[in-house]
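Below: one structure, written as structure tokens.
The values are calculated or read from the model by the stated rules, or taken from the named source; none is laboratory data. No experiment lies behind these values; they were computed from the predicted model shown. Methodologically, a virtual Cβ is constructed for each residue, glycine included, from the backbone with ideal geometry; neighbour enumeration extends over all protein chains shown.
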Amino acid sequence: MDTEIAQPLIQDLLRTRIQPRQRDAALYARAQAEGLTELQARILAGRLAGYRGEIGPLVSPSLRHLEHPERLADARRAAERLGQAVVEGEHIGILTDYDVDGITSHVVILRTLSELFGVPSHKLHSLIGHRINDGYGISLPLVERTLRLTPRPSLVITADCGSSDEPRIARLKEAGIEVIVTDHHALPIEGPPASAHATVNPTRDDCDYPDPTIAGCMVAWLVMSLTRSVLIEWGALAAATPKLSPWLSYVALGTVADCVSLGGSAANRAVVTHGLSLINRMEAACWRAMAVRLGADSVPFDAETLAFQMGPRINARSRLDDPYAALHFMLAADDAIAQQHLDVLDQDNQSRKAIEADMTEEARRLAMPQLSAGAPALVVYLEDGHAGVQGIVASRLVQAFGRPTLVLTRAAAPGMLTGSGRSIDGLHLRDALQRVHELAPEALPRFGGHRGAAGIGLPIEQLDCFRETLLVAVSEQLGSRELYPCVFTDGELETEQLSLATLDELERLAPYGREFDAPLFSGEFLVENLRVVGADGNHLMLELSRGGVAVRAIWFRALTPGEVPAFALGARLHCAYKLSRNRWKGRESLQLMVEHAEILAS
């Protein structure tokens, strides 16, 4: 294609569209009939297409909607083996993923074993892989580390990993170590790992648990809860032994940070709602330390606080270094220790942001030829990139280009690449990778994940084959669908709805998160005032007006550092925005958070 012709076409292709969400008309009518306001019904109908279940458990989340853990396949078998290890004084290894879901799972298992079941600390072994040196899951380096332990554990329980790790589980079994897998990632086509003593995973085909979307930390919590019941049945624990309800604070954090569904899942919504109420009691040092760091106006925490403040800090540690500082932060016994560990997490998070910015810029440059060629998916290899930031960079490209994206870097093993992918609505990423594996197994020997995100490993010489086969797999799912970056909104608000009362009305539907996005509205405004803010000069503080009502607004990352705004006072903007509560010295006022804006002709 001629470059002069291609450039305008690409620019139009990359133009973000503000579009209304499709609404489920039947759900919209049913929600209003059951007493929700028009606006609340609009929010539900725009997020839960095809939902035919009860509305009550979604809008009034409650722990009574949690299903019994025995409905999880293998849960009883896992609980009895773990109970046996507790009773017989065995050494137990706790092997979890290094992200927030894995760290919170680790805390749930560790605190339950030590504080509720009385297992001495010297009989518990924390095994968390190093993202760069060890890789994801029950990696070979982690197996070797386990086998070097003295004394060696006779049982290992995993969380948030293990479903795709049969060869390493077999290695542990051969060495006399039994493995209980608790996980929530999709299983390989051959099913649960054959060498595991038990595999508790709600995505199993033979699993009766009604909600396969629960996070790894929730699976771990259910298994540990059932283990408590088993030990009480055996008479090994007193019936008065406390339940695991307080640990739902950690499960709430892991659930939100792992981006599992908060849409049609009554369980996830209940856990996050209850967990936030526990967090906001500020009884644990980690929550108090974070509240001090974020400022008094940050309390009470909501799901956004967990997703955008706590989650990134905990994840940053494992992205750049070993994850144990994150674990120590979550387990800190007093505020001073929690603050010390939080300092480390904060420093890592700042480093992560700098690395992410450089990698994103390079990734965008490398993606342009693929966009010019009309590729329905992007595969970007950053030769000098940091493996710990792949997923974030992939997310940035999905936002910018509206295409599923995989970002790859060099792996620790010579000649190998590792990568993370993020998807778009309408594409099941793990299914696409499964299809790649079927078409060209040598091009994708290792992969795992779910609908929205995945991780992969492949030989560097197979990169071109992988890219070509992925495009085939993605095209099979998406067909001829036109792809471009989109901001989907819930329509317009009346001028009188620009109020804190409307925000209260929307907050009654919280928590918001994956597959239940926070409400986003569209509307035209006049720019009454603007100024560039932020240390890097990349945010805009605005005063916008409509129909005689003026409201303050903030547009984060509106500019690249040093860029001059493309509009001035008096400009008319078509904005996609959220309603937010601005707290300052005990006072509250409405503030709009602009997500995207288009300049309208005068």
Residues located in the stretch 271-294, provided they are buried (at least 21 other Cβ atoms within 10 Å of the Cβ) and farther than 30 Å from D211 by Cα: A285, A289, M290
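Every residue, every condition in (1) farther than 14 Å from A159 by Cα; (2) at pLDDT 95 or above; (3) more than 19 Å from the chain's Cα centre (by Cα); (4) in the same structural domain as S163 (by TED's automatic domain parsing), yes or no:
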| residue | (1), (2), (3), (4) |
| --- | --- |
| G93 | no, yes, yes, yes |
| D97 | no, no, no, yes |
| S105 | no, yes, no, yes |
| S114 | yes, yes, yes, yes |
| H122 | yes, yes, yes, yes |
Failed condition for S60, given (1) surrounded by fewer than 17 Cβ atoms within 10 Å (Cβ to Cβ); (2) in the same structural domain as P188 (by TED's automatic domain parsing); (3) small (G, A, S): (2)
Some residue of the stretch 224-235 being modelled with pLDDT of 95 or more, out of contact with any Ser or Thr (no Cβ under 9 Å at 6 or more places or on another chain) and not in a helix (DSSP H, G or I): yes
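Hey, which of the helices (runs of 4 or more DSSP H) in the stretch 238-333, taking only ones fully inside, have at least 2 residues that are within 21 Å of T96 (Cα to Cα)? If you could, list the steps in order and put the result at the bottom.
Details: elements: 248-257, 266-279, 285-294, 311-320, 324-331.
By residue number, 248-257, 266-279, 311-320, 324-331.
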Test for F329: is it within 30 Å of K585 (Cβ to Cβ), surrounded by fewer than 16 Cβ atoms within 10 Å (Cβ to Cβ) and not β-branched (V, I, T): no
P323 vs. criteria within 20 Å of the chain's Cα centre (by Cα) and touching a residue at least 60 places away in the same chain (Cβ under 8 Å): yes
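Given the criteria at pLDDT below 95 and over 26 Å from the mean Cα position of the chain (by Cα), does V487 qualify? It would help to see each step written out before you state the result.
Details: at pLDDT below 95: yes; over 26 Å from the mean Cα position of the chain (by Cα): no.
Against the criterion (at pLDDT below 95 and over 26 Å from the mean Cα position of the chain (by Cα)), V487 does not qualify.
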Enumeration of residues in the stretch 569-602 that are in a loop (DSSP other than H, G, I, E, B) and either touching a Cys at 6+ places or on another chain (Cβ under 6 Å) or not polar (S, T, N, Q) (or both): L569, G570, A571, K585, G586, A601
Top-ranked residue in the stretch 72-106 [being hydrophobic (A, V, I, L, M, F, W, C) and assigned to a loop (DSSP other than H, G, I, E, B); ranked as surrounded by the most Cβ atoms within 10 Å (Cβ to Cβ)]: L72
V474 vs. criteria out of contact with any helix residue (DSSP H, G or I) (no Cβ under 7 Å at 6 or more places or on another chain), among the hydrophobic types (A, V, I, L, M, F, W, C) and under 23 Å from Q399 (Cβ atoms): no
Criterion: modelled with pLDDT of 90 or more and loosely packed, with under 15 Cβ neighbours inside 10 Å - qualifying residue of D297, D343: D343
Selection status of V549, in contact with a helix residue (DSSP H, G or I) (Cβ under 6 Å, 6 or more places away or on another chain) and either without any contact (Cβ under 8 Å) to a residue 60 or more places away in the chain or β-branched (V, I, T) (or both): yes
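Find the strands (runs of 3 or more DSSP E) located wholly in the stretch 131-213 whose residues include 1 or more that are modelled with pLDDT of 95 or more and more than 24 Å from L226 (Cβ to Cβ), and list them. Quick ask: steps written out before the conclusion?
Working: elements: 155-159, 178-182, 198-200.
Answer list for the stretch 131-213: none.
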Condition check for P565: assigned to a loop (DSSP other than H, G, I, E, B) and under 16 Å from E598 (Cα atoms): yes
First in the stretch 555-580 and within 30 Å of A510 (Cβ to Cβ) and not assigned by TED's automatic domain parsing to the domain that holds P519, second anywhere and of a type in the set (A, V, I, L, M, F, W, C) and in a strand (DSSP E or B), Cβ under 7 Å, 6 or more apart: none
Hey, R313 crowded, with 16+ Cβ neighbours inside 10 Å, closer than 19 Å to L253 by Cα, outside the structural domain of D517 (by TED's automatic domain parsing) and not aromatic (F, W, Y) or not: yes
Hits in the stretch 472-484 - residues which are out of contact with any His (no Cβ under 9 Å at 6 or more places or on another chain), surrounded by fewer than 20 Cβ atoms within 10 Å (Cβ to Cβ) and in contact (Cβ under 8 Å) with a residue 40 or more places away in the chain: S475, E476, L478, R481, Y484
The stretch 555-602, residues that are among the aromatic types (F, W, Y) and within 24 Å of the chain's Cα centre (by Cα): W555, F556, Y577
